[in-house]
Amino acid sequence: MDRLRFQSFGSGSSGNCYFIGNASCGLLIDAGIGVRNIRKYLRNMGLDFQFIHGVFVTHDHADHIKAVGTMGEKHHVPIYSTRKVHEGIDRSYAVTEKLITSKKFIEKDETLQIGDFKITAFHVSHDATDCVGYTIEYQEKRFTFATDVGYINPEVAQHLEQADYMVLEANYDVKMLAEGQYPYHLKNRITAKTGHLSNIEAAAFLAEKYSDKLQHVFLCHLSRENNSPEIAFETVNNHLAEKKIEIGKDLEVVTLERFSPSKMYIF
Ligand SMILES: [Zn+2]
Ligand SMILES: [Zn+2]
């Protein structure tokens, strides 16, 4: 059986990019890291840009779109997102080459099939032009990506509750942010319903909604200033432990690194 492969190429405010695929087809969720790094990480897997059948963009913040111009127009990888996200990309200073031939539109809640993958975008609350998460279905398995979510809105909850695997934001520790150096307006921006998800919000959701189906949680978009992998992991671990859910036995939880790629996970 051709199993599902997942690798994070980078996660956080300096750049986000996730690979998901099988032996014959790869997709990227966001391309917010340098194109040279994307090429390098693909090459390490024995792959090239032609293997990537599409980049699915969550929103038009620079840390998610930096490489889409080059990926799309130079390497001919289709760049998928909603019409509004594409309008944001068109206006973005972070994208050097404007998307013309590679621009592909999707609608929220409509499913698109590429190879053996079914991709559905869903609405996410965040302070970008528009913002979506994605669920990728493959061989009865569901992998949901929910990054840059101000809060777990009903659409996000519905997708996460059905997921076997998920990339879920755990951006900040509430105490570290409150006591940290960020100016007041930035703290407010982060904690707003259109900002980022805290460790405790991610942890509480996981503990409350855990089902046997859930295999693997990748905590993403951890803040360098207001979080640490240890604190994010502990917060989730503590909430799960209260419900007698054991990491390592009932499910796996991993924090994704900001700058270096994760190992390749094969499910
Ligand atoms: Zn971001
Ligand atoms: Zn963002």
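The residues packed around Gly12, meaning those with a beta-carbon under 12 Å from its beta-carbon, carry a net charge of -4 if Lys and Arg are +1 and Asp and Glu are -1. Positive contributions from Lys and Arg (+1) and negative ones from Asp and Glu (-1), summed over other residues with Cβ under 12 Å from the Cβ of Lys66, come out at -3. Taking a point 7 Å from the Cα of Phe105 along the Cα-to-Cβ direction, the residues of segment 44-88 with backbone N closer than 12 Å to it are 81-87. Looking at the chain alone, DSSP beta bridges between its own residues are antiparallel in about 50 percent of cases. Per residue, the accessible area of segment 5-259 comes to 43 Å², computed with a 1.4 Å probe over protein heavy atoms only. When the Gaussian network model of the chain links Cα atoms closer than 10 Å, the mean-square fluctuations of Ile152, Ile114, Ile136 top out at Ile114. With a simple spin-label model that places each label point 7 Å from the Cα along the Cα-to-Cβ direction, the separation between Asn238 and Arg83 comes to 4.7 nm.
Taking one quarter of the surface of the convex hull spanned by the alpha-carbon atoms of segment 5-259 gives a direction-averaged projected area of 12.7 nm². Excluding same-chain neighbours fewer than eight residues apart, the lysines reachable from Lys243 by a Cα-Cα span under 17 Å are Lys209, Lys213. Given a 1.4 Å probe and every protein chain left where it sits, what share in percent of the accessible area of segment 168-267 is carbon and sulfur? Answer for segment 168-267 is 54 percent, counting heavy atoms of protein chains only.
The values are calculated or read from the model by the stated rules, or taken from the named source; none is laboratory data. Quick caveat: nothing in here was measured; it's all calculated off a predicted structure. We place every Cβ from the backbone using ideal geometry, glycine too, and count neighbours over all the protein chains shown. Ligands, DNA and RNA are excluded from the accessible area calculation, which covers all protein heavy atoms including side chains. Shrake-Rupley method; radii C 1.70, N 1.55, O 1.52, S 1.80 Å.
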